[in-house]
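Trainee: Shown below is the structure under consideration.
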Amino acid sequence: MNTTSSSSGSEALTEPMSPTAADWDQWHLVGSRRVIAARECDWLLRQRKFPLRPGVVAVDLGCGTGQRTYQLARWGMQTTGYDFSAEALRQAQRRPAHPRLSFDHWDINTEDPPAVLRPGSVDLVTCRSSLAYFDQPRVLAAITRMLKRSGSLYVVTPLPSPADRGDPFNQGLTPAQVTALTAAWGWSASHTFDGRRALLLRSHGLTRQGTT
């Protein structure tokens, strides 16, 4: 995997570069998976502002092989998963057919949003273990455009240990990035479990209403 190095005096630091679509294709081919803990689902379903109701439109960004995307559809949401890895999408589309589920290709960092993602047309956007790989100002601007005024953003980010520093496939938001992201939304709920932080965010750009 490609890395970039910098040095200060005699100390050299190696930072992982963001994996390409081909890198993610290989990662998915060898059978790697993002495991969704049952207690993550339990916590999310307990949040009173989680939009679990008929007719909800959900978008899963960086959907990978579609495990989370499929769960959203099973909860009754009209759900589309987007990824730029052809192999991830191939595996996602092999899941059992579901009338509320679809997948599509979108290179989120370089391409404009699909035309179907009209301003104010989406109730829920999820980024599970994916936001750290995105051009965040660009993608967050796209997310806030597509969300309805009552829409929510759900983010799960790994909290890598020092041993994970050089692993390009286990990158998460820094504490400073989590703080900045949360501060931009009027309401938030958060929970930490199994080395991951979950954030449910609502009311982008409005005065803080509280946290849970």
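Trainee: Answer yes or no: is there a residue in the range 68-81 that is at pLDDT below 95, open to solvent by less than 30 Å² (accessible area, probe 1.4 Å) and of a type in the set (K, R).
Mentor: Checked against the condition, which is being at pLDDT below 95, open to solvent by less than 30 Å² (accessible area, probe 1.4 Å) and of a type in the set (K, R), the range 68-81 yields at least one hit.
Trainee: Now, a different point. Residues that are over 27 Å from R46 (Cβ atoms) and touching a helix residue (DSSP H, G or I) at 6+ places or on another chain (Cβ under 9 Å): find the strands (runs of 3 or more DSSP E) completely inside the range 99-212 holding 1 or more of those.
Mentor: In the range 99-212, 101-105 are the strands (runs of 3 or more DSSP E) which contain 1 or more residues that are over 27 Å from R46 (Cβ atoms) and touching a helix residue (DSSP H, G or I) at 6+ places or on another chain (Cβ under 9 Å).
Quick grid of which residues meet (1) open to solvent by less than 40 Å² (accessible area, probe 1.4 Å); (2) farther than 18 Å from A22 by Cα:
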site: R100; (1), (2): no, yes
site: D112; (1), (2): no, yes
site: D123; (1), (2): yes, yes
site: F134; (1), (2): yes, no
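Trainee: Still on this model: Considering only the range 82-98, state which residues are open to solvent by 10 Å² or more (accessible area, probe 1.4 Å) and in contact with a His (Cβ under 9 Å, 6 or more places away or on another chain).
Mentor: Answer for the range 82-98, where residues must be open to solvent by 10 Å² or more (accessible area, probe 1.4 Å) and in contact with a His (Cβ under 9 Å, 6 or more places away or on another chain): D83, F84, A86, E87, L89, R90, Q91.
Trainee: Separate question: Search the range 105-122 for residues that are free of Cβ contacts under 8 Å to residues at least 60 places away in the same chain and under 16 Å from L147 (Cα atoms) and pair each with any residue that is open to solvent by 90 Å² or more (accessible area, probe 1.4 Å) and not in a loop (DSSP other than H, G, I, E, B) when their beta-carbon atoms are under 6 Å apart and the residues are at least 6 apart or on different chains.
Mentor: Close Cβ pairs (under 6 Å, with a partner that is open to solvent by 90 Å² or more (accessible area, probe 1.4 Å) and not in a loop (DSSP other than H, G, I, E, B)) amount to P119/R145.
The values are calculated or read from the model by the stated rules, or taken from the named source; none is laboratory data. Here the structure is a predicted model, which is why all the values come from computation and not from measurement. All Cβ positions, even for glycine, are placed from backbone atoms using ideal geometry, and neighbour counts span all protein chains on display. Note: accessible area is taken over every heavy atom of the protein model, side chains too, but ligands, DNA and RNA are not part of it. Shrake-Rupley method; radii C 1.70, N 1.55, O 1.52, S 1.80 Å.
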